[in-house]
Ligand SMILES: [Zn+2]
C-alpha cells in the first residue's frame, strides 16, 4: 500500500485496474478523488480510497508563498511554488505554477522585468487569485519580492549591502524587486 496526498478531482487510476471506494468517484472509466486527503491503493482488493485530511487546508487567496523564478517574460514572471502559509499556518499547494504580472510587481513604474527578477531567484509573494487555469501573485508590498538572488554573471548568491545586491565572488552589482526579508545580508 502506498499513500500520497491528493486533491479533489485528481485522477487516481483507470477503472480497469482499481475499483472506486471511499471518497472517490468514477467517471469515463477513470477514478478520481472527491476530497483532499491521502490516497490508499489496496492492491490485494484492487480498491482505491481516500482518507480525508481534516486538518490540512488548501492554499487560498491572501496566502504568502515562497516560489522560484522559472522564466521572465516581457509582461510577466513565471514561478514554481514551493510552499504556502496563511499567517503561521502551513497550507497545502493544490497548484504548482503561478504568474506574476508586471502591474502587480511594485507601486513604482516597472520599465523592464529583467531588472526586477532573474531565473533561479527565490521570492516571497502573496496569492492574489486562484483560478482553475492558474494562480496569480503580487509583490507590491515592501515585505514581498526577492528573498534570495543569484549573480547573473557567475551564479554565486548575492549579498545585500547598503541597499545594493553584490556578488562577493565577482563583484557584480545587481538590482531586484527586493523583499524587506532578503535572507543574505552583510
Ligand atoms: Zn558573481
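Points to keep in mind about this one:
- Criterion: more than 30 Å from residue 9 (Cα to Cα) and in contact with a strand residue (DSSP E or B) (Cβ under 7 Å, 6 or more places away or on another chain) - qualifying residue of 127, 135, 186: 186
- Options 80, 118; residue that is under 21 Å from residue 181 (Cα atoms) and touching a residue at least 40 places away in the same chain (Cβ under 8 Å): 118
A quick yes/no check of all residues on (1) without any contact (Cβ under 8 Å) to a residue 24 or more places away in the chain; (2) in contact with a strand residue (DSSP E or B) (Cβ under 9 Å, 6 or more places away or on another chain); (3) in the same structural domain as residue 99 (by TED's automatic domain parsing):
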position: 14; (1), (2), (3): yes, yes, no
position: 18; (1), (2), (3): no, yes, no
position: 25; (1), (2), (3): yes, yes, no
position: 31; (1), (2), (3): yes, yes, no
position: 34; (1), (2), (3): no, yes, no
position: 47; (1), (2), (3): no, yes, no
position: 68; (1), (2), (3): no, yes, yes
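- Check on residue 110, under 19 Å from residue 76 (Cα atoms) and either in a strand (DSSP E or B) or within 16 Å of the ligand (Cβ to nearest atom) (or both): no
- Test: residue 61 is touching a strand residue (DSSP E or B) at 6+ places or on another chain (Cβ under 9 Å), closer than 30 Å to residue 178 by Cβ and loosely packed, with under 14 Cβ neighbours inside 10 Å: yes
- Residues of the stretch 147-186 that turn out to be away from the ligand (no atom under 16 Å from the Cβ) and assigned to a strand (DSSP E or B), as a count: 3
- Residue satisfying condition, being more than 16 Å from the ligand (Cβ to nearest atom) and part of a strand (DSSP E or B), within set 143, 103, 129: 129
The values are calculated or read from the model by the stated rules, or taken from the named source; none is laboratory data. Remember, predicted model here, so these are calculated numbers, not experimental data. As a convention, Cβ positions derive from the backbone with ideal geometry for all residues, glycine included, and neighbour counts pool all protein chains shown.
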